[in-house]
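The values are calculated or read from the model by the stated rules, or taken from the named source; none is laboratory data. Everything numeric in this text was worked out from a predicted model, so none of it was measured. In this analysis, Cβ positions are derived from the backbone assuming ideal geometry, glycine residues included, and neighbour counts consider all displayed protein chains.
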């Protein structure tokens, strides 16, 4: 009986690690981890439409040319990967070689899509450090069909494994969407690595999502290996009604955005991207994606409220130059100032979380997750 029980346990035991299909794609040697990016793929980088696992399977029959990149996603990721974060006027920026920042894609799509998605990324002129896909065949083999759509355990562990593979003191920024659970996954890791919750608090956080004890234990074993690798900010593309929505102060570390131009401006306010990319940013989104020029400058003015000194002067000078040199632009911008335009620039902050206790923060997390469940019906 003991032998059969051992064999049965071996085949019945669920191993979260087996969901993680990781490949290192770094062919460039040294990588900068002071601005490391972890990015989702479906509905964040690629426009994908699916509502079931069958829909995901159909995507495997598409060609790379059939896939549509979210407007501006490729350009923003290239800037994050290659743009020095030091000032344009620094003499160092003119002589120092650019070391690419780490860019990791972590997707809940199955690894059968890897080749097609890699072909698409290369068509977009994007190179990256690693990619991770979810080995859904393991869930099917184990008869865990309910876990085909449950990504919190898998993605949390996959992100933590990437972070643990980075040098001590690395800084990570997360990019995803709010169709499913990216905001919840990212925020949990942010709260843990920023010291707002303990490892025991992170256990309680994962429990909010009703994960099994074995899955939580596997995620915690990875979280316990962290050595001062931190999540510094979260960027979430608004893309769907069944979504996590902003609920301050809990969501203050998250920048929700409708368009990658807005994400780029918010990254400038945080110092993640340098201010001197602004003219290029405006040109790219206007010329390539027909983004309204008056709106571009209007939101750049919003951004400029959060800058100081030479950076603020640089932005104001560029706005004035365009406003005065392009016929009709001044009038269009004036018209926007008279309308009730939504404020799109929301710098990431954690100051409003600092007075709160761990239990207060976890209480806010429970409410946030409960509201998501009620909206999504899951």
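Out of 245, 250, report the one residue that is in contact with a helix residue (DSSP H, G or I) (Cβ under 7 Å, 6 or more places away or on another chain) and touching a residue at least 24 places away in the same chain (Cβ under 8 Å). Lay out the reasoning, then the answer.
Values: 245 fails: in contact with a helix residue (DSSP H, G or I) (Cβ under 7 Å, 6 or more places away or on another chain).
Being in contact with a helix residue (DSSP H, G or I) (Cβ under 7 Å, 6 or more places away or on another chain) and touching a residue at least 24 places away in the same chain (Cβ under 8 Å) holds for just one of 245, 250, which is 250.
If residue 108 passes every condition in (1) farther than 30 Å from residue 84 by Cβ; (2) outside any loop (DSSP other than H, G, I, E, B); (3) in contact (Cβ under 8 Å) with a residue 24 or more places away in the chain but one, which one does it miss?
Result: residue 108 fails condition (2) only.
If you take just the helices (runs of 4 or more DSSP H) that sit entirely in the stretch 263-327, which of them hold at least 2 residues that are touching a residue at least 12 places away in the same chain (Cβ under 8 Å), touching a helix residue (DSSP H, G or I) at 6+ places or on another chain (Cβ under 9 Å) and within 17 Å of residue 349 (Cα to Cα)? Show your work before the answer.
Numbers: elements: 278-289, 293-304, 309-325.
In the stretch 263-327, 293-304 are the helices (runs of 4 or more DSSP H) which contain 2 or more residues that are touching a residue at least 12 places away in the same chain (Cβ under 8 Å), touching a helix residue (DSSP H, G or I) at 6+ places or on another chain (Cβ under 9 Å) and within 17 Å of residue 349 (Cα to Cα).
Taking residue 176, is it assigned to a helix (DSSP H, G or I) and touching a helix residue (DSSP H, G or I) at 6+ places or on another chain (Cβ under 9 Å)? Explain how you work it out, then say what you get.
Numbers: assigned to a helix (DSSP H, G or I): no; touching a helix residue (DSSP H, G or I) at 6+ places or on another chain (Cβ under 9 Å): yes.
When the stated conditions are applied, residue 176 does not pass them.
For the list (1) surrounded by fewer than 22 Cβ atoms within 10 Å (Cβ to Cβ); (2) more than 22 Å from residue 352 (Cα to Cα), I need the number of the one condition that residue 171 fails.
It is condition (2) that residue 171 fails.
Could you please find all residues in the stretch 202-217 being surrounded by fewer than 20 Cβ atoms within 10 Å (Cβ to Cβ) and assigned to a helix (DSSP H, G or I)?
Passing the criteria: 203, 204, 207, 208, 213, 214, 217.
Can you pull out the helices (runs of 4 or more DSSP H) entirely within the stretch 1-100 that have at least 3 residues that are touching a strand residue (DSSP E or B) at 6+ places or on another chain (Cβ under 9 Å) and either at pLDDT 75 or above or at positive phi (or both)? Walk me through how you get there before you give the answer.
Working: elements: 2-12, 53-59, 73-82, 92-95.
Those helices (runs of 4 or more DSSP H) span 73-82.
Of all the residues that make up the stretch 328-353, how many are assigned to a loop (DSSP other than H, G, I, E, B) and surrounded by 11 or more Cβ atoms within 10 Å (Cβ to Cβ)? Give the steps one after another, and end with the answer.
Initially, the stretch 328-353 is screened for residues assigned to a loop (DSSP other than H, G, I, E, B), giving 328, 339-353.
If we keep only those that are surrounded by 11 or more Cβ atoms within 10 Å (Cβ to Cβ) too, we end up with 341, 344-350, 352-353.
Qualifying residue count, the stretch 328-353: 10.
Return a yes/no flag: does the stretch 184-199 have any residue that is crowded, with 22+ Cβ neighbours inside 10 Å, under 22 Å from residue 359 (Cα atoms), modelled with pLDDT under 95 and in contact with a strand residue (DSSP E or B) (Cβ under 9 Å, 6 or more places away or on another chain).
no
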